[in-house]
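Participant: First the structure, then my questions, so here it is.
The values are calculated or read from the model by the stated rules, or taken from the named source; none is laboratory data. Quantities reported herein were computed from a predicted structural model and do not represent experimental measurements. Don't worry about glycine lacking a Cβ; one is built from the backbone with ideal geometry, like all the others, and counts go over all protein chains shown. SASA here: full protein model, heavy atoms, side chains in, ligands and nucleic acids out. Shrake-Rupley method; radii C 1.70, N 1.55, O 1.52, S 1.80 Å.
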Amino acid sequence: MTSEQSPVNQVPPPVLHALSSDVSTVVSTEATAESSGAAISEDEQRLRELGYTQELARSLSGFSNFAVSFSIVSILSGCLTLYGFGMVTGGPALITWGWPVVGAMTLCVGLAMAEICSAYPTAGGLYYWAAKLARGNAPAASWFTGWCNFMGQVAVTASVDYGAATFTNALLDLRFGLSATPEHTIEIFAVILLLHGLLNSFGVRLVAIFNTVSVWWHLLGVLLIVGMLALLPQHHASVSFVFGHFVNQTGFQSSFYVVMLGLLLAQYTLTGYDASAHMTEETRDAARSGPRGIVNSILVSLVAGWILLIGLTFAIQDYNGEVNSPTGEPPAQIFLDAIGRNGAEFLLVIVIGAQFFCGMASVTANSRMVYAFSRDGALPGSRLWHRIDPRTQTPNNAIWLGTGGAFLLGLPALWNTTAFAAVTSVSVIGLYLAYVIPVYLRLRQGEAFQRGPWHLGRWSRPIGIAAVGWTALITVLFMLPTLSPITVKNFNYTSVAIAVVLGFAAVWWFASARRWFTGPRIHDAPAAGDPTEAVPDPSTTPTPQEETG
């Protein structure tokens, strides 16, 4: 049946719709449209209708698009990096049951975003969507969405690569006796960021290859870790311990409060899937491949991540000893206690490899967001960050801005042991604020929203409402203190970091930008007969051809 059988599009339930989508290579159909006397593809024509010329190399398949988001979600990075945090904020019971609860709500956010991505497949992603969907003051909606996204993207890169540095330090401690000090971790952190900047500068084809390897590295890595932890240890935790044991080592008396804090483990992991939207200008059949990349990265991560967490929790041998591991990473100590030094080192190599892939994909997505945002003049020094390397067709300056910003954000870990937790919270809040603003604006559009070929039909509104409500909850939650009594050392500085970034954006907006920032700019004259106007007005956006199901 077609999606136009009734005023409200009738489609299968969204999860089944997403599962039926093929994440393998998608070859876009070619549409012939006259532009300067040359035929252009359907993707390029749609991009022109949205106001941009094709500058980036459109060489990614649908699977490669999915691979970028899946690599950034990175269950082997997020789950293991904050596993120690989960052990003291709820323990095994919350680690096990918090994951599917957070996963279900995250899927609502992802589905709502995917529908908008299909309508507006551009590298700008979230801030572009906000401009197109706002009923009034579109430039302001675009401006603040973009700054939230920029903040979240840089924080994700910092938290992922800092996490990779801590696990690398743990491995080096086991193998060579390099103590896990803040100074050593920061040095490793700098080297990892440098490598990610260099690899991303070589071009999108190399990045696509690494991201494809990353998908299989993650999936096979989970199977190896869970398999070894299931078969090799002499002792396993009981079922009641894994699914029902509650731990509170925060100092707070309220169990409910601790449960809420413990959700950060899962929510931090299930972020970054907006990368599929930022890569749409480099993806074939972008209006379908981008949404599928968002949804499938969440679904696959949800299943594989739960298996990983349960397998790791069953392998716990000495709870307090592993929480306070001299390696600095409780999962590393669990590996060591459960299967010995050689096995632990092997598993750490798998984890570090996954974290390395995750950080590289994060830099990729971050640079595309910076490129698009500066293309529209919204960052200081936009002319510099928008430049494209003519040889590789990659935004190299944007790449180094993202890696440099991530390094600065990770530096406070030298002096404050809770700084890393604050960085993870900033990444979650920054990204989810950017996610939810266009979702909220799309809800206000109602049936006036002009859907792309991938959409939710009658499920749009309930899923959108759930996404907005969940984001409001976690935004407040992850600014709250995580340890009691509260001191200068353990204070949650998330609110301070967010206030600084958004305060800067607000001051710049009211002092200057509101007079010249008009939202996403039209960079190419529309083709003859194209009704798209320069003002970001949803009523003027052409309706993409509806998909037949």
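Participant: Which members of segment 329-338 meet the condition of being assigned to a helix (DSSP H, G or I) and crowded, with 21+ Cβ neighbours inside 10 Å?
Facilitator: Hits for segment 329-338 are Pro330, Pro331, Ala332, Gln333, Ile334, Phe335, Leu336, Ala338.
Participant: With the condition kept exactly as written, say whether any residue in segment 136-145 is surrounded by fewer than 24 Cβ atoms within 10 Å (Cβ to Cβ) and without any contact (Cβ under 8 Å) to a residue 40 or more places away in the chain.
Facilitator: Yes, segment 136-145 contains at least one residue that is surrounded by fewer than 24 Cβ atoms within 10 Å (Cβ to Cβ) and without any contact (Cβ under 8 Å) to a residue 40 or more places away in the chain.
Participant: Select from segment 446-462 the residues that are part of a helix (DSSP H, G or I) and surrounded by fewer than 20 Cβ atoms within 10 Å (Cβ to Cβ) and list them in ascending order.
Facilitator: Here is the first cut: in segment 446-462, the residues part of a helix (DSSP H, G or I) are 446-448, 457-462.
Those that are part of a helix (DSSP H, G or I) and surrounded by fewer than 20 Cβ atoms within 10 Å (Cβ to Cβ): Gly446, Glu447, Ala448, Gly457, Arg458, Arg461, Pro462.
Participant: Still on this structure, please answer the following. Here is a check on your reading of the model: is Trp516 modelled with pLDDT under 90 and surrounded by fewer than 19 Cβ atoms within 10 Å (Cβ to Cβ)? Reasoning before the result, please.
Facilitator: Numbers: modelled with pLDDT under 90: yes; surrounded by fewer than 19 Cβ atoms within 10 Å (Cβ to Cβ): yes.
Yes, satisfied.
Participant: If you take just the helices (runs of 4 or more DSSP H) that sit entirely in segment 80-183, which of them hold at least 2 residues that are under 18 Å from the mean Cα position of the chain (by Cα)?
Facilitator: Ranges flagged: 91-119, 126-133, 138-176.
Participant: Tally the residues that are open to solvent by less than 10 Å² (accessible area, probe 1.4 Å) and in a helix (DSSP H, G or I), restricting the search to segment 44-65.
Facilitator: Of the residues in segment 44-65, 3 are open to solvent by less than 10 Å² (accessible area, probe 1.4 Å) and in a helix (DSSP H, G or I).
Participant: Identify, please: which residue in segment 473-498 is of a type in the set (A, V, I, L, M) and more than 21 Å from the chain's Cα centre (by Cα) and is, among those, modelled with the lowest pLDDT?
Facilitator: Per the stated criteria, the residue is Val488.
Participant: So which residues in segment 374-390 are without any contact (Cβ under 8 Å) to a residue 24 or more places away in the chain and either surrounded by fewer than 22 Cβ atoms within 10 Å (Cβ to Cβ) or assigned to a loop (DSSP other than H, G, I, E, B) (or both), if there are any at all? Give the steps one after another, and end with the answer.
Facilitator: In the first step, residues of segment 374-390 are kept if they are without any contact (Cβ under 8 Å) to a residue 24 or more places away in the chain; the result is 380-387, 390.
Pro380, Gly381, Ser382, Arg383, Leu384, His386, Arg387, Pro390 - these are the residues of segment 374-390 that are without any contact (Cβ under 8 Å) to a residue 24 or more places away in the chain and either surrounded by fewer than 22 Cβ atoms within 10 Å (Cβ to Cβ) or assigned to a loop (DSSP other than H, G, I, E, B) (or both).
Participant: Okay, next question. Working carefully through the options Leu384, Leu401, Leu411, find the one that is under 21 Å from the mean Cα position of the chain (by Cα) and at pLDDT 85 or above.
Facilitator: Leu401
Participant: Here's a follow-up. When both residues are 6+ apart or on different chains and their Cβ atoms are under 7 Å apart, which pairs have a first residue that lies in segment 117-130 and is hydrophobic (A, V, I, L, M, F, W, C), and a second that is open to solvent by 10 Å² or more (accessible area, probe 1.4 Å) and outside any helix (DSSP H, G or I)?
Facilitator: Ala119/Gln450; Ala119/Arg451; Ala119/Pro544
Participant: Could you give every pair whose Cβ atoms fall below 6 Å, whose first residue belongs to segment 40-57 and is closer than 20 Å to Arg391 by Cα and in contact (Cβ under 8 Å) with a residue 60 or more places away in the chain, and whose second residue is part of a helix (DSSP H, G or I) and among the charged types (D, E, K, R), counting only separations of at least 6 or pairs across chains?
Facilitator: Every condition considered, the pairs that remain are Gln54/Glu44; Leu56/Glu281; Leu56/Glu282.
Participant: Within segment 227-259, can you find the residues that are in a loop (DSSP other than H, G, I, E, B), touching a residue at least 60 places away in the same chain (Cβ under 8 Å) and either acidic (Asp, Glu) or over 14 Å from Thr89 (Cα atoms) (or both)? Walk me through it before giving the result.
Facilitator: The first filter runs over segment 227-259 and keeps only residues in a loop (DSSP other than H, G, I, E, B), leaving 232-238, 245-246, 249-254.
Still in the list and also touching a residue at least 60 places away in the same chain (Cβ under 8 Å): 232-233, 235-237, 245-246, 249-252.
Once the filter is applied, which keeps residues that are in a loop (DSSP other than H, G, I, E, B), touching a residue at least 60 places away in the same chain (Cβ under 8 Å) and either acidic (Asp, Glu) or over 14 Å from Thr89 (Cα atoms) (or both), segment 227-259 yields Leu232, Pro233, His235, His236, Ala237.
Participant: Has segment 437-445 got at least one residue that is within 21 Å of Tyr128 (Cβ to Cβ), part of a helix (DSSP H, G or I), touching a Cys at 6+ places or on another chain (Cβ under 6 Å) and in contact (Cβ under 8 Å) with a residue 12 or more places away in the chain?
Facilitator: No.
Participant: Sticking with this structure for a sec: If only one of Phe420, Phe357 is modelled with pLDDT under 90, open to solvent by less than 50 Å² (accessible area, probe 1.4 Å) and either of a type in the set (Ser, Thr, Tyr) or more than 18 Å from Pro121 (Cα to Cα) (or both), which one is it?
Facilitator: Phe420 is the lone residue from the list that is modelled with pLDDT under 90, open to solvent by less than 50 Å² (accessible area, probe 1.4 Å) and either of a type in the set (Ser, Thr, Tyr) or more than 18 Å from Pro121 (Cα to Cα) (or both).
Participant: Okay, next question. Given the options Leu178, Leu194, name the one that is modelled with pLDDT under 90, among the hydrophobic types (A, V, I, L, M, F, W, C) and open to solvent by 40 Å² or more (accessible area, probe 1.4 Å). Give the steps one after another, and end with the answer.
Facilitator: On the way: Leu194 fails: modelled with pLDDT under 90.
Criteria check complete, one pass: Leu178.
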